[in-house]
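A quick write-up on the structure given underneath.
The values are calculated or read from the model by the stated rules, or taken from the named source; none is laboratory data. On a predicted model such as this, the values are computed, not experimentally measured, just so you know. Virtual Cβ from ideal backbone geometry, glycine too; neighbours counted across all protein chains shown.
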Amino acid sequence: MKHADLLKSVLAAALLALLIWGGVPLYRHRHYPVQVVRGPGVTNVVRLSEFTPGLRGTPADTSVFVLEGKEPGGKALLLGETHANEPEGLLAALIIIENAVVEKGTLYVIPFFNRSASRNTRPGDGYPLYFDVPTAWGAVRFRMGNRDASPLDQWPDPDVYVHYPDKQLLSFADARNVNRAWPGRPLGTLMERLTYGAMELIRREKVDVAVDAHGAETMYPVTNCIVAPDKSLRIATLAALTVKATEGFEDHVETSPRGFRGLSHREIGDFSDALPFLLEAPIPFLDQPTGPKTVKLLLDGRDPFLLSLARKKKLFVPYDESGWPLERRVGQHCSVILEILRQFSKKNMGRAIVVQSVPRYAELVKNGVGRYFADPSKADPKSIVRE
Ligand SMILES: [Zn+2]
């Protein structure tokens, strides 16, 4: 073999080795199953594609956990992981699935709403691929996803993203952001099919209340809040005032802008009879001026750069050495969801949704998030859903 050929072969082998070294962890992350143990209140688990055939067999099809109460009443839908790099929504949804007992009405919970995004990552920001939540019996491992669906599942991105049906021009960067794809259409892009499936569930099952749980940067004004359109404002305000008075945490109300299309809190309300709410808990991990994006920062929300910015009054939330830990963010979501359901039920007795056994803010802050997850190795194998 000539010297040049040998050199080419060595370089090709080195490139292949580099591709395998970099690709295998991403492949494993994409195929890592999170185990969810069906709690005492779960009466059925269906696929979202049952509401729209356009999702069938696609990577966006996802599990819907149904918790039907002992008595009839109203219906609520809860979404986690609209953005799969904001785990507080996912964890609140899973705590409800594993612990809630529904006395009246029905809950539909979709913990991995943008399932494709939960199998994506953000290498440019050095995101961890997983995070572990400690429990008394070991750690529960979750995939850390990204804001957008994986380009392996929806591609190519357009130069300009044209919203359906409003035709509003949005950034190309939002074509794979499912929270710009509402209300969707049956045979549109994967993200439009996904929101259409949820809209069909809302319309066919006559859902009264829809809650989309997120996290947002501490330097972004729409954080630590409930976003609600006019039709949901009264309940949002009562929920915010009640948690402040009885549980001692702030969660202000933001009005959903009428002219900004594609958002769950706008389109669910405009295209169905449901009352939509979007919850934002502050997640320091998402802020740009932080140290490395470590699992520790994701869990405890402590960062020295944010602390110095807080002293210069650059953040939109109070921030000190205690950071903004995961249990506080998840506890805030659990309490606000319960309070929205309670306020809705007070005014709509015939459509009441009564949920028991879900921990509230103070319990989560005291006990941690892991306390509310069952050990899959000790659970009946038939009760485990892998998602
Ligand atoms: Zn979000």
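Read through the list (1) of a type in the set (A, V, I, L, M, F, W, C); (2) under 30 Å from TYR361 (Cα atoms); (3) outside any loop (DSSP other than H, G, I, E, B); (4) free of Cβ contacts under 8 Å to residues at least 60 places away in the same chain, then give the number of the only condition that VAL222 fails. Of everything listed in (1) of a type in the set (A, V, I, L, M, F, W, C); (2) under 30 Å from TYR361 (Cα atoms); (3) outside any loop (DSSP other than H, G, I, E, B); (4) free of Cβ contacts under 8 Å to residues at least 60 places away in the same chain, VAL222 misses just condition (3).
When MET191 is tested against (1) farther than 29 Å from GLY39 by Cβ; (2) more than 13 Å from the chain's Cα centre (by Cα); (3) within 16 Å of the ligand (Cβ to nearest atom); (4) part of a loop (DSSP other than H, G, I, E, B), only condition (4) is not met.
Residues checked against (1) more than 16 Å from the ligand (Cβ to nearest atom); (2) modelled with pLDDT under 95; (3) in a loop (DSSP other than H, G, I, E, B):
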| position | (1), (2), (3) |
| --- | --- |
| PHE113 | no, no, yes |
| THR121 | yes, no, yes |
| GLY124 | yes, yes, no |
| PHE142 | yes, no, no |
| SER150 | yes, no, yes |
| ASP157 | yes, no, yes |
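Across the stretch 218-227, not a single residue is classified as of a type in the set (A, V, I, L, M), touching a Gly at 6+ places or on another chain (Cβ under 6 Å) and within 16 Å of the ligand (Cβ to nearest atom). Looking only at the stretch 76-110, residues that are within 20 Å of LEU194 (Cβ to Cβ), of a type outside the set (A, V, I, L, M, F, W, C) and touching a strand residue (DSSP E or B) at 6+ places or on another chain (Cβ under 7 Å) come to 7 in all. Against the numbered list (1) crowded, with 21+ Cβ neighbours inside 10 Å; (2) hydroxyl-bearing (Ser, Thr, Tyr); (3) in a helix (DSSP H, G or I), SER9 comes up short only at (1). Under the condition of being among the aliphatic types (A, V, I, L, M) and over 20 Å from ALA84 (Cβ atoms), the residues counted in the stretch 165-185 number 1.
For LYS346, the criteria (1) more than 19 Å from ASP212 (Cα to Cα); (2) within 16 Å of the ligand (Cβ to nearest atom); (3) basic (Lys, Arg) hold in every case but one, which is (2). Filtering the stretch 128-161 to residues that are of a type in the set (Val, Ile, Thr) and either surrounded by fewer than 20 Cβ atoms within 10 Å (Cβ to Cβ) or in contact with a Lys or Arg (Cβ under 6 Å, 6 or more places away or on another chain) (or both) leaves THR135, VAL160. Among the residues of the stretch 68-81, those that are in contact with a Lys or Arg (Cβ under 9 Å, 6 or more places away or on another chain) and part of a loop (DSSP other than H, G, I, E, B) comprise GLY69, LYS70, GLU81. Filtered by the rule that a residue be within 21 Å of the chain's Cα centre (by Cα) and either more than 25 Å from ASN120 (Cβ to Cβ) or aromatic (Phe, Trp, Tyr) (or both), the stretch 1-36 gives a lone residue, TYR32. The residues of the stretch 16-45 that are in a strand (DSSP E or B) and closer than 15 Å to THR106 by Cβ, listed by number, are ASN44, VAL45.
A count restricted to the stretch 176-188 and to residues that are away from the ligand (no atom under 16 Å from the Cβ) and either buried (at least 24 other Cβ atoms within 10 Å of the Cβ) or of a type in the set (Ser, Thr, Tyr) (or both) stands at 2. The set of residues from the stretch 46-67 being part of a strand (DSSP E or B), buried (at least 16 other Cβ atoms within 10 Å of the Cβ) and touching a helix residue (DSSP H, G or I) at 6+ places or on another chain (Cβ under 9 Å) comprises SER63, VAL64, PHE65, LEU67. Does the stretch 86-106 contain at least one residue that is within 23 Å of PRO186 (Cα to Cα) and in contact (Cβ under 8 Å) with a residue 60 or more places away in the chain? Looking for residues that are within 23 Å of PRO186 (Cα to Cα) and in contact (Cβ under 8 Å) with a residue 60 or more places away in the chain, one finds none in the stretch 86-106, hence no. The residues on offer are GLU88, GLU98, GLU103, and the sole one that is modelled with pLDDT of 95 or more, part of a helix (DSSP H, G or I), more than 16 Å from the ligand (Cβ to nearest atom) and of a type in the set (Asp, Glu) is GLU98. Tally the residues that are more than 14 Å from the ligand (Cβ to nearest atom) and either under 17 Å from PRO325 (Cβ atoms) or touching a Gly at 6+ places or on another chain (Cβ under 8 Å) (or both), restricting the search to the stretch 207-217. Residues flagged as more than 14 Å from the ligand (Cβ to nearest atom) and either under 17 Å from PRO325 (Cβ atoms) or touching a Gly at 6+ places or on another chain (Cβ under 8 Å) (or both) within the stretch 207-217 amount to 2.
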